[in-house]
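Trainee: Structure in structure tokens, see below.
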Amino acid sequence: MVANSNGKLAILGGEPVRRKAWHSWPKSDQLEEQELLTVLRSGKWGRFQGKDSAVERFEGSYAKLLGCKHVLATANGTSALFASLHAMGIGPGDEVVLSPYTFVATANVVLLNYALPIFCDSDLDSFQIDANKVASKITPRTALILPVHMAGCAANLDVILETAKAKGIPVLEDACQAHLGEWRGRKLGTWGAAGCFSFQASKNLNSGEGGVVSTNDSALYERAYSFHSAGRPLNPKPGGPSYVSNAANLRLTEFQGAILNAQMTRLETQSRIREENVRYLTGLLEKIPGIKPVRNYEGCTRSAWHLFMFRYEKEAFAGIERSVFLKALAAEGIRSSSGYQPLNKEVFLLRSLQSKGFKRIYGEKMLKEWSERNECPVNDKLCGQAAWFSQTMLLGGREDMDHIGEAIAKIQGQADALRGV
Ligand SMILES: *Cc1c(COP(=O)(O)O)cnc(C)c1O
């Protein structure tokens, strides 16, 4: 039992359950400093080919970690997805089936390629794409299924891959939150034609910005490589062309490679700490009426726990709105987020679909019908109930988890007092 858990709610002037700061992020020491200095002093700051390249070294160790053939480092997770879509030939006229419960980048890369995003509703308990509804979203235009391993927990790959195989459509895994996550003992990001990871500052593996494409398909890897580096061939032939495709520059710098090589040595230990804390916290929160921690599929043998997600059912909290609950929680010293808004209803997305280019490709009538085709009622409900704790909060000790449990139980026990707040 933590002190103050039976006292007056902090939002109403009582003592907060917690005053301590949360676990700091990121962690670094002499290891990062050494790796960075080596790059600095080498004078080779941009990616180069050869075994001394920090980026190449990182690609090698990440590929080994995943157990896949190729890993291509990119400037960030968005560019990993962008390069993958290019390498898979996704373009105007194609439909891409994706989850509406994800970071905006998943949809942005579809729009960037002038393909049409088709949202498949979410599964309320797992927060993942409802794999059983994917088949109903497929048309003759569908060129890609793009599931997200939300929070680093796995989407239902058994059903998704079976559907994809039956329809002859490739799968790209958005594993940007799923470092070290597994499905049936094999790493996420290695099940589809390719996977994408992010090393943006908030992610479980961090170089400020960064990303990778993972794949076992050598031809796909070569195309992604060229796209990410001005269209240059991976293995230039004497007398051959300088450029083999239209492209961007999405290269990772040697500095970021250096940080990643150092951070990689911490990944496994940090992941185990999160797993242990999540196990304990889930046990605490399951006992509180109206709090529904995320439920993973049986096939998810390991989760990255990029986020700890749960649903808040206000009926068990005297009907008080989620926003008030989260404010009361913040007052108790527990940081949280209300998570994503429904992506399929974002104004920017609807505006993109009304743009000149989209109208030309898909026609006004088709785009008018788009909203109706893309309703996701379960996801709307999920977005209204969700709350998250960040991965960095899961890196502390058991006392931190106790504080979270105590604070939520305290609010639940006194929810009546929050009416009218
Ligand atoms: C972070 C993230 C991305 C994009 O990664 P960046 O490195 O921020 O570009 C894409 N998809 C999901 C699900 C993410 O969480």
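Derivation of every value follows stated rules applied to the coordinates shown; laboratory data play no part. Keep in mind that what you see is a predicted model, and the values were worked out from it rather than measured. Note that each Cβ is placed from the backbone with ideal geometry, even for glycine, and that neighbours are counted across all protein chains shown.
Trainee: Would you mind stating whether Arg266 is within 21 Å of the chain's Cα centre (by Cα), basic (Lys, Arg) and not in a loop (DSSP other than H, G, I, E, B)?
Mentor: Details: within 21 Å of the chain's Cα centre (by Cα): yes; basic (Lys, Arg): yes; not in a loop (DSSP other than H, G, I, E, B): yes.
For Arg266, the condition - within 21 Å of the chain's Cα centre (by Cα), basic (Lys, Arg) and not in a loop (DSSP other than H, G, I, E, B) - is met.
Trainee: All but one of (1) within 14 Å of the ligand (Cβ to nearest atom); (2) of a type in the set (S, T, N, Q); (3) closer than 22 Å to Leu172 by Cβ; (4) crowded, with 23+ Cβ neighbours inside 10 Å hold for Thr215; which doesn't?
Mentor: Of everything listed in (1) within 14 Å of the ligand (Cβ to nearest atom); (2) of a type in the set (S, T, N, Q); (3) closer than 22 Å to Leu172 by Cβ; (4) crowded, with 23+ Cβ neighbours inside 10 Å, Thr215 misses just condition (1).
Trainee: Can you find even one residue in segment 209-223 that is within 18 Å of the chain's Cα centre (by Cα) and assigned to a loop (DSSP other than H, G, I, E, B)?
Mentor: There is at least one residue in segment 209-223 that is within 18 Å of the chain's Cα centre (by Cα) and assigned to a loop (DSSP other than H, G, I, E, B).
Trainee: Restricting the search to segment 376-417, which residues are more than 27 Å from Lys203 (Cβ to Cβ) and over 24 Å from the mean Cα position of the chain (by Cα)?
Mentor: Once the filter is applied, which keeps residues that are more than 27 Å from Lys203 (Cβ to Cβ) and over 24 Å from the mean Cα position of the chain (by Cα), segment 376-417 yields Glu406, Ala409, Lys410, Ile411, Gln412, Gly413, Gln414, Ala415, Asp416, Ala417.
Trainee: Can I ask one more? For the structure I just gave you, tell me whether Asp125 is charged (D, E, K, R), surrounded by 19 or more Cβ atoms within 10 Å (Cβ to Cβ) and either more than 10 Å from the ligand (Cβ to nearest atom) or more than 18 Å from Ser229 (Cα to Cα) (or both).
Mentor: no
Trainee: Quick test for you: out of Ala107, Ala75, pick the one residue that is in contact (Cβ under 8 Å) with a residue 60 or more places away in the chain, within 15 Å of the ligand (Cβ to nearest atom) and surrounded by fewer than 23 Cβ atoms within 10 Å (Cβ to Cβ).
Mentor: After applying the criteria, what remains is Ala75.
Trainee: Would you be able to say whether some residue in segment 171-188 is away from the ligand (no atom under 16 Å from the Cβ), surrounded by fewer than 19 Cβ atoms within 10 Å (Cβ to Cβ), in contact (Cβ under 8 Å) with a residue 40 or more places away in the chain and farther than 26 Å from Phe308 by Cα?
Mentor: no
Trainee: Provide a single number: the residues in segment 60-72 that are within 16 Å of the ligand (Cβ to nearest atom) and either assigned to a helix (DSSP H, G or I) or in contact with a Lys or Arg (Cβ under 6 Å, 6 or more places away or on another chain) (or both).
Mentor: If we filter segment 60-72 for residues that are within 16 Å of the ligand (Cβ to nearest atom), which is where we start, we get 62, 71-72.
The next check asks that each one be either assigned to a helix (DSSP H, G or I) or in contact with a Lys or Arg (Cβ under 6 Å, 6 or more places away or on another chain) (or both); those that pass are 62.
Total meeting the criteria: 1.
Trainee: Same structure again: Looking only at segment 78-93, count every residue that is away from the ligand (no atom under 13 Å from the Cβ) and either in contact with a Leu (Cβ under 7 Å, 6 or more places away or on another chain) or polar (S, T, N, Q) (or both) and tell me the total.
Mentor: Number of matching residues: 3.
Trainee: Quick one: Phe358 ticks every box in (1) free of Cβ contacts under 8 Å to residues at least 24 places away in the same chain; (2) assigned to a helix (DSSP H, G or I); (3) not β-branched (Val, Ile, Thr) except a single one, so which number is it?
Mentor: Of the numbered conditions (1) free of Cβ contacts under 8 Å to residues at least 24 places away in the same chain; (2) assigned to a helix (DSSP H, G or I); (3) not β-branched (Val, Ile, Thr), the odd one out for Phe358 is (1).
Trainee: Which of the numbered conditions does Arg335 fail, given that it passes all the others? Conditions: (1) touching a residue at least 24 places away in the same chain (Cβ under 8 Å); (2) surrounded by fewer than 18 Cβ atoms within 10 Å (Cβ to Cβ); (3) part of a helix (DSSP H, G or I).
Mentor: (3)
Trainee: Being within 16 Å of the ligand (Cβ to nearest atom) and either surrounded by fewer than 18 Cβ atoms within 10 Å (Cβ to Cβ) or within 23 Å of Ser271 (Cβ to Cβ) (or both): is that true of Gly240 here?
Mentor: No.
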